Structures are given as structure tokens and as C-alpha cells.
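This report concerns only the one structure given below.
All of the numbers you see were taken from the coordinates with simple rules; none came from a lab. Not measured: the values here are computed from a predicted model. Cβ atoms come from the backbone with ideal geometry, glycine included; neighbour counts cover every protein chain shown.
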Amino acid sequence: MLGGCAQQERSSGPCPAASFGFSRVPLHRSWPGFPRVKALGRVLPLWMVRVPSAWVPREVAPDMEEEEAGKKKKKSKGLATVFSVFTKRRKKKGKPSLAETEGESESSLQPPAQLPTVEELKADLERGRLEAARPLLALELELQEAAAAGRASEEELVRRQSKVEALYALLRDQVLGQLRRPLEAEPERLRQALAVLAEQERQDHAAAAAGPPGCPGLATTRPRGWLQLWRDGVAQAAAERLSRRPAADAEGRTEAERAFLHMGRTMKEDLEAVVERLKPLFPADIRVVAAYAESYHAEFASQLSALTQFELCPRDTYMLLLWVQNLYPNDILNSPKLAPELQGVRLGTLLPPTQIRLLEATFLSNEVASVRELTARALELESNRWTNDEAPQRLDGHCHSELAIDIIQIISQGQAKAESITLDLGAQIKPLLLEELARFLRSYQRAFDGFLERCRQLRNYRANVIANINNCLPFRTSLEQQWQTPPDLRSSLLRPLNELKSHGFDTLLQSLFGDLKPLFKRFTQTRWAAPQQTLEEIVSAVAERMPEFSELQDCFREELLEAVHLHLVKEYIARLCKRRLVLQTAEQQQQLAGHVQANAQLIQQFCTQNGSPATWLHDALPRLAEIIRLQDPSAIKIEVASYATLYPDFSKGHLSAILTIKGNLSSSDAKSIRSILDINTGAHEPSKALFSLIKAWLRSWPLNRWNWNSCVLMTPPVEQEPSGEALWMRVELARPEGGVRRVCGSGTQLRDHCLSARSCHTCLRTALLRLGLQSPHLLTGARASPLLPAVVQDHVEPASASE
């Protein structure tokens, strides 16, 4: 029910407003911001001058029905006449703001008509007619004017305001209902709801700008905050959309993974729909894309934060970090459709930085533990195949094992998972994974060494040894190319592989070298009578065994041939150093040198044809032959100096053994030649050893009659006493099984209390190697025998263990 003036105006017959000319007047003091017109002595808001003809009584506007009928032929049911602003807006480029919408509304206003009653407005709103928003606002303003003018009692004002607020509640529900699911609403209905929302927001701003209303008897109802209610509705819709439980899939994803996928996909699809379908309809001031993005982001972050309160399995921890650090910022926010729309929206990260760092630390720990477990399991399975005598696979004619591929894949997957989160996390996990790889390679070497010792009798023993040697190739390639480690770290990682390969080569070549040993002994047994024939037998024996190594990878077959090449040269030189051949004439020495040259050429030709890359061995025998052939001590010195440059591990002991062959060389010349090795040639240590593998020969005689309790080993002087007397190092051997005792004392005393002896070097060698003594002199004595002057042997070096 409307009171006072409103009732009189409804009963006074047709409204005479149409016969008056309307002119704009200044804003009313109590309601600034609203254009008004003056009609019949009343000041009315300008936007109230046009209402649908259905709200005007027939007796007030009898000719409006004809006008309404004419309009229906051109436009649909009056919606376009009420919201003609939208039809105009479609023709414009760009999006209007709230101020532009207000200006367009003013340009289409007409003189006001009779306001509908509260009951009529209620009926229209219950039918969903949003056109009722304009007369409702007029009713609100009329109520405020009545209160300001004092035309109604306080009780009447309260009654009328309660009815107006009830109508606003109905309108609010209708408007927000349309905006709650905008994608399901018709575009025209959505435009009407947005127009009402924009108008209410302008009224709120105007009320705020005008200050406290001066209307006694009325409760403060603005700002109504419908825009914030709409934003709250957007947040509620986002929560409903993202919290839906995803259906189980057939791909074996965990519940958390399904939730991440559902939320990410839903958010991306919904925001893209907002950009494509809602942004063209919403005023720019509402910032519809930002509102939806902020609501979805807040809900996404809330659900992830709740998830982190529980203990996550390693798989879910990885997936959580993947979404937070990669998929969400890159695939959703920076997608081609959303990135331009979200440039000015500050969403931040889904989780706080401290929480992200904790999750990253957990991920690194989990990944390292997983890699360790998987590599250990793979090695266990592989070692079981060896011990069960399972034959390895054959691939392109080579023995093949999947172990290296499995390990490389495990390590690479750990690196790839970290890099899929962030590149920085990938850099953090790399040293940890390399440490695990080094740990695995050491375990691999130990397992392989155990297999070599325990499983020699198995049928597939050699095939599995070859397969494991071939495994070193993919490991080495991965470290050199994929991981790009520093040289020192790479050498550290490759050390177990080199040991494994070396032990494998030793196993494969053990029987071959055992067969060659009696053939090499024939050189010294025959006193080099027929060295060419002997060497040809050696080469033939090696050639017969070459097919056994055909299943090695080509690079390892070349390395094995280099080992064979080294063995042939080393054993040949070792036979020359036995000191059993002494040639007194130059002709004999030149003849021996010719044999050595011919044998060197045969060895080089055979090994090169079979693929040996050891070119560094080509000069080892020919240059020794030249030393044997030369007779001039000065020429020999030059040749020795040159030879020492090529092979820096060529020592005085080796040179002494070679010079022993030259029986016509005086002791002083031999000493002078040996002294040339004291000169530092500046040569660097060789990358590959030759003479360090050859021990100079030491004479041996049986020790039938000597008491080992008093066996003494003495070294050259190690220091000088103040008196100038040399101190000697004395080593006493209680018994071969009794250990070693080192004693220092006066050189004179030691020499006077030791008897010379020609002892068996086999027992003394152990003590020598344990103590690391170089250039020893051997003396032995019997404790019960009379003390005799000491006779010291000539300088010698310990023999090799194979002697």
C-alpha cells in the first residue's frame, strides 16, 4: 500500500504529465547524482520517466495501448524498450563502463508514468520480471522524499520501507540467481540482471558520496553491496565446482592425482568460458575475469593447503609440487587464452614459499631413497641371473645385459621428475643422483668380483663376464654425454667401472696368458737360440684364441687387444732382463739386437691387424734392441736418455739388467750409463705403465743351510751420523710366518755382525714389498755361527711375483 499523495494521484484520473514540457533541474540535495525533471510541481528522477505500459492504468493513458501494440511489431515484448541501452551498446566497439551505461540510460528516458503498486511489483518480481527494478527504485526514492518532506508518519514510513525492502529482497534473489550460473542463463536475461546490478552499484556509490541520509524515520539500507554478494556467489560457485569428487579412472591415478587433475581442468575450462562468453556481456568495471580467477585461485589454494596437513606419499608429494610449481602457473594461468586476460591480476602462488621449500626437501629425500631402492633391486635381480647360470642376451652379435639401461633410466627419471617441477630443483637433485650412481657402481663392482671368484665352473661364466664388460659402455657414454660432469668427478665415477672392466679382462685372458707362459720361458731356456720360431708359436697361440673375444663390444675388444699387446711386449722385455744371457762380443750383441727387431715387428704387425690401438708400444722393443746393438758408451747414453723420455718408468734396475747382456761393457761405463737416469728429463708420468709392471730380476739360491731366525735385510744409507758414518736400515725376519721387525743402528756394527748369504728371494720378497724398501742389499747370518766380516751383494731390485 502506498500512502498520502500516492493514493490521491492514482484516483485523480489520467495523469496530466504528458501535456507538460520537461526540463532538467539541479540535483536534489538529499539525493545527488540523479538527474531529475519537474512535473506538476514535483521533482522526479529522470530515469523514472519511462515504465512499461502494463504498469499504467487504462484510464490514465488510454492511447498507450495503441503505441504498445505498434512497438510489439518491431521489438519483442517490451524488454528492448526498457533496456534499449543494450541494443545501442552492441553497435559500439569495446566494453562500456558503469558510467557509460548510466549515460546511455539517461539519453533514452521519457516522461514518467504512474507507479505500480507494491502488490503489482511483487507479482512481477515473483514472475521473474527484472523490469520491475526501475519502478522499485522510484518507489524507494519517493519514500525517501516523503520522509524528508514529513508527509507521512514515522509508523507509516516504517511500514512502507519494510515493503520496499521486501521487494528488494525478491529482486536481489532474482538478479543474483541469474548471475550465479551465468553460463546457463539466456543472454537477454543476463543483460537485464547486469543492468540492475550496475544500477544498484551506482546507487550505493551515490549514497556513500552523499553522506549520512537526512531522512528521519527510515533505516539505513545502503550500500546494499550486491556486487560483493555477486562476488561471494562466484566464490561459492568456484568452491562447488572444484570440490566435486572426481570419478575413478582406469589409469591407476591416486585420489590426490585425480583431485589435482579435476581442479586444474575445471578451473581452466571455466575461466576460458568466462573470457569467451561472459566478458563481452559484463561491464568492464565489474572485472568479471579477475573476479572468477581470484575465486578459483583461492579455492584451489585452500584445498591444496588442506591436503598438505596430511602425510603425503612420495607420489602425491611429487604431483603436488608439479601442480604448484609448473602446471598451474604455466599451463593454466599462462595458457594462450588466459594469459592476456590475467596480466593485471595478482594471484600469487598456491602455497606459501616456506611450505613449498619443505615439500621440495621431502621430494628430494623421497626421490633419492627411491633411486637407491630401485637400483639395489635391479642389481639383485641381475646378480641372481649370473649365479643361476642364465645365458645373457645377444644383441648384434654381442653379449648384452639390460642392467645398465635400467640403471640409467632410473637415474634419468629422477632427474627428469625434478626438472619437470622447476629447473632449480633439477640442479639441486643432480649431485644427489650422481652420488647414488657412484654408490651403485661400487656395489656393482663388488657383486661382479664376487661372481668372478665363486662361479668359475658355470657354463655361461665367460658369456656373463663379457656381458658385464659391455655394460660399461652405456654407463660411460651416459656420464660423458648426458650428465656432463666435471673431469675429476667423472673419473671418480668411472673408477669402479674401470676396475670391473680390468678384472673382467684379467679373467678372460687368464687362461691365454697361462698358455703363453711356458712359451716365453723358452727364450731363456734356449738362451735365445731360436727367438723367431718361439715368437711365431706365441703369436699363433694368441690368434687361435681371438674368436673367444668376438662378443665384446668393438671398443672393449680393442682395449683387450691392447692388453694382449702390452702383455707380449712386457713378457718379452722381462725375459731380456733375466740376467741369464751375457754376450761378450759385439757381433753376438748385434745378432741379438736383430732378433729383437724382427720379433718387435712381428708383434706389432699381428696386434695392429687385430685392432690393437697401442701405438705407444711400437718403440719399446726396437729402442731396446738399439741399446743392445750400440757399443760406444756415449751413444748408449744418448739412446738411454731418449728411451727414458718415451718411457719414464724405465728405471736403473731395468737398465742394469739390459746392460748385463753387454759382457764387454766395463763396470765404470755401466755405472756412467746408469747415472744418465739421474738427470731429470722433464718428462711427465705416462698415462699407461710398461716398465713399472716389470720387476728387475734377482738371483735366487736355495736356503737349505741357513737359519731364518737371523735373516737380515739392509738398505743403503739413509742418513749420516755427526761423525760422517752412514746409518743403515736393518730389517730382521724372525720367520716367514712370524712377521717383520725394523731396527736402525750403526752401519759399522750392523756390517760386523751380519754374515753374507745368497738367500732365497721368494721369502724375502714379502717383507720387501710390505716395507716399501727400494734398492735393498741382502745379508743373512746364522745366530750360532761365528761372526765374520759382512760381504754385501751388488745392487739389485726385487723380482716380480711371477718369478
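Scoring 604-613, 526-535 by mean Cβ neighbours within 10 Å over their residues and listing the highest first yields 604-613, 526-535. Listed from fewest to most Cβ neighbours within 10 Å, the set Lys578, Lys671 follows the order Lys671, Lys578.
Would you please state which residues of segment 346-389 a label at Arg287 would reach in this model, taking the label point 7 Å out along Cα→Cβ and a backbone N cut-off of under 12 Å? Inside the label zone: 346-347. The charge dipole of segment 349-397, taken about its Cα centre with unit charges on the Cβ of Lys, Arg, Asp and Glu (plus for the first two, minus for the last two), comes to roughly 200 debye.
For segment 612-680, pairs of C-alpha atoms spaced more than 14 angstrom apart make up 56 percent of the total. Rounded to the nearest 20 debye, the dipole size of segment 526-693 about its Cα centre is 860 debye, using +1 on the Cβ of Lys and Arg and -1 on the Cβ of Asp and Glu. Computed from phi, the 3J(HN,Hα) profile of segment 529-540 under the Karplus parametrisation 6.51, -1.76, 1.60 (θ = phi - 60°) reads 6, 9, x, 5, 5, 4, 5, 4, 5, 5, 5, 5 Hz, with x in place of Gly and Pro.
Across segment 115-263, the relative contact order, built from alpha-carbon pairs under 8 Å that are at least six residues apart, equals 22 percent. Mind giving me the FRET efficiency for Arg151 and Glu126? R0 is 30 Å, r the Cβ-Cβ distance, nearest 0.05 is fine. So, using R0 = 30 Å, E works out to roughly 0.50. What is segment 162-236 by shape, rounded, prolate or oblate, if you read a ≥ b ≥ c off the alpha carbon gyration tensor as root eigenvalues and call it rounded for a/c under 1.5, prolate for a/b larger than b/c, and oblate otherwise? Since a/c reaches 1.5 and a/b is larger than b/c, the shape of segment 162-236 is classed as prolate.
Using only the Cα atoms of segment 526-693, build the gyration tensor, take square roots of its eigenvalues as a ≥ b ≥ c, and label the shape rounded, prolate or oblate: rounded if a/c is under 1.5, else prolate if a/b is larger than b/c, else oblate.
Oblate, since a/c reaches 1.5 and b/c is not below a/b.
By its C-alpha gyration tensor, with a ≥ b ≥ c as the square roots of the eigenvalues, how is segment 231-351 shaped: rounded for a/c under 1.5, else prolate for a/b larger than b/c, else oblate? Prolate, since a/c reaches 1.5 and a/b exceeds b/c.
The string of couplings for segment 157-162 from the Karplus curve (6.51, -1.76, 1.60, θ = phi - 60°) is 5, 4, 5, 5, 5, 4 Hz, one whole number per residue in order, with x for Gly and Pro.
This ranking places Phe513, Phe440, Phe310 by how few other beta-carbon atoms lie within 10 Å of each, fewest first, which gives Phe310, Phe513, Phe440.
You can think of it this way: the chain between Ala361 and Arg446 has 27.4 nm of extra reach, that is 0.36 nm per residue less the Cα-Cα gap. For segment 116-126, putting each phi into the Karplus relation 6.51 cos²θ - 1.76 cosθ + 1.60 with θ = phi - 60° gives couplings of x, 7, 4, 5, 5, 4, 4, 4, 5, 5, 5 Hz, in residue order, rounded to whole numbers and with x for Gly and Pro. Computing FRET efficiency as 1/(1 + (r/R0)^6) for Ala391 and Arg454, where r is the C-beta to C-beta distance and R0 is 22 Å, gives about 0.75.
Report the calculated FRET efficiency for Arg181 and Arg346 (r = Cβ-Cβ distance, R0 = 35 Å), to the nearest 0.05. Approximately 0.80, to the nearest 0.05.
About the centre of its Cα atoms, segment 117-170 shows a dipole size close to 120 debye [charges on the beta carbon of Lys, Arg (+1) and Asp, Glu (-1) only; nearest 20 debye].
Distance between the modelled labels on Asp515 and Tyr461, one decimal in nanometres: 1.6 nm (7 Å Cα→Cβ projection).
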